[in-house]
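The values are calculated or read from the model by the stated rules, or taken from the named source; none is laboratory data. Everything numeric here is computed off the predicted structure, so don't read it as measured data. All Cβ positions, even for glycine, are placed from backbone atoms using ideal geometry, and neighbour counts span all protein chains on display. Remember, those area values only see protein heavy atoms, side chains included, never the ligands or the DNA or RNA. Shrake-Rupley method; radii C 1.70, N 1.55, O 1.52, S 1.80 Å.
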Amino acid sequence: MPEQEYALIGHPVAHSMSPFLQARLFAAAGVQASYRLLDVPPGRLAETAPALRKLSGFNITIPYKQEIIPFLDALDEKAAFFGSVNTVRCEGGRMTGYTTDGDGFLFALQSAGVSPAGSALLLGAGGAARVMAYELVQAGAPSLCIAARSPEKAEPLRRELAAMAGRRGLACEITLESFARLEQTAGARRWDLLVNGTPVGMHPKTGCSPVSAAVVGRCAAVFDAVYNPDETMLLRLAREAGKTAVHGMAMLVGQAAKAQHIWNGSRFPREFQRQLCAEAVAEMNRSFGREEHP
């Protein structure tokens, strides 16, 4: 049987952990496949698209999760709702887009024993935050506060989530807050879960946290979608406050495992995925250097 060919497209992609994760997953599933990085400079996606059809499938990262959509032949329901794609299955030259962000997010929470069905504070309203907001409402969160620098720009997301909740008979109070006011009123509210959907704290600017220790102190658990460094400043604040701190690498592993299921129907035991998280963090620190936190 010929080797299947897969890739990750984005810009930049040199520091991606996807080749490491996908290689481990292909091996565990007994699939003969290669996986490479395709750095596509801005403005070059259209000329790259025809070659993508020859692959068995591919992943997509920033900045092409939305830009890839016009080149696809179909979208699954979630990808269409979010207007974002991070996994594509190619079959007979036909490309179908999916998003596995939500699957990865839920896997990360479940692996840490954190329920997505509690009251939640979500930081950010961009692509990743949008997916996580959907999953929290869908899971039955009684309330969701979305914090953004400009809350009015998050109003369309709030309306979409409220409409989705209404259609599905879900009771969730969805509110908007500015980061500035969130800090001012940190002592007034408590949440079961804080979710960081912003890039604040990501390598190389690792000395930053999207919120203060005061806000972290009002949350029972903290999830950070940032996976490099292995302990962000936000997660350090959570750990020091005695809160459950959930690392973003688990989301990346969950996303990769779901992509493998889409491509080949592969399934992986949870314990294997948890072990892969630890291996991936160790590999990241070896390959890219352990970040020192101030």
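Some observations on this one:
- With only Cα atoms counted, the stretch 106-173 has Rg and Dmax values of 11.6, 34 Å.
- Scattering curve values for the stretch 148-204, log₁₀ I(q)/I(0), Debye with Cα scatterers, q = 0.22, 0.25, 0.28 Å⁻¹: -1.08, -1.18, -1.22
- Compared with the dominant principal axis of the Cα atoms in the chain, helix 101-111 is inclined by about 60°.
- Rounded, prolate or oblate (a/c below 1.5 giving rounded, otherwise prolate when a/b exceeds b/c) for the stretch 36-95 by Cα gyration tensor: oblate
- Whether the stretch 168-268 is rounded, prolate or oblate, judged on the alpha carbon gyration tensor where a/c under 1.5 counts as rounded: oblate
- The accessible area of residue 35, taken with all protein chains in place and a 1.4 Å probe, comes to roughly 40 Å².
- Shape category assigned to the stretch 216-294 from the gyration tensor of Cα positions, a/c cut at 1.5: oblate
- Over the stretch 110-200, accessible surface divided per residue gives 43 Å², non-protein components excluded, 1.4 Å probe.
- A full extension of the chain between residue 150 and residue 208 corresponds to an added length of 18.9 nm, given 0.36 nm per residue minus the alpha carbon distance.
- Surface share of carbon and sulfur [accessible, 1.4 angstrom probe, percent] for the stretch 1-47: 53
- Placed amide H near residue 209: partners under 5 Å, 5+ positions off or other chain: none
- In the context of the full set of protein chains, the stretch 68-107 has a per residue accessible area of 37 Å² (1.4 Å probe).
- Model label zone, residue 173; criterion: amide N under 17 Å from point 7 Å along Cα-to-beta-carbon; scope the stretch 118-144: 118-122, 137, 140-144
- Close amide-amide hydrogen proximity is noted between residue 37 and 8, each under 5 Å apart and 5 or more residues distant or on a separate chain (H modeled in the peptide plane; Pro and chain starts excluded).
- In order along the stretch 206-219, phi translates into HN-Hα couplings of 8, x, 10, 10, x, 9, 7, 4, 5, 5, 4, x, 8, 10 Hz, rounded to whole numbers, per the Karplus curve 6.51 cos²θ - 1.76 cosθ + 1.60 with θ = phi - 60° and x for Gly and Pro.
- Theoretical FRET efficiency, 1/(1+(r/R0)^6), r = Cβ-Cβ of residue 184 and residue 15, R0 41 Å, to 0.05: 0.70
- Reach of residue 153 by Cα under 30 Å, taken over lysines that are not fewer than 8 positions away in the same chain: 65, 78, 205
- What separates the Cα centres of the stretch 223-287 and the stretch 131-169 is a distance of 24 Å.
- In the full protein context, the stretch 234-284 carries 42 Å² of accessible surface per residue, based on a 1.4 Å probe and ignoring ligands, DNA and RNA.
- Multiplying the residue separation of residue 5 and residue 66 by 0.36 nm and removing their Cα-Cα distance gives an extension gain of 19.7 nm.
- With every protein chain in place, the stretch 178-245: carbon and sulfur % of accessible area (1.4 Å): 52
- Quarter the surface of the alpha carbon convex hull of the chain and you get the mean projected area, 15.2 square nanometres.
- One chain, two ends: residue 267 and residue 287. Fully extended at 0.36 nm per residue, the span grows by 4.4 nm beyond their Cα-Cα distance.
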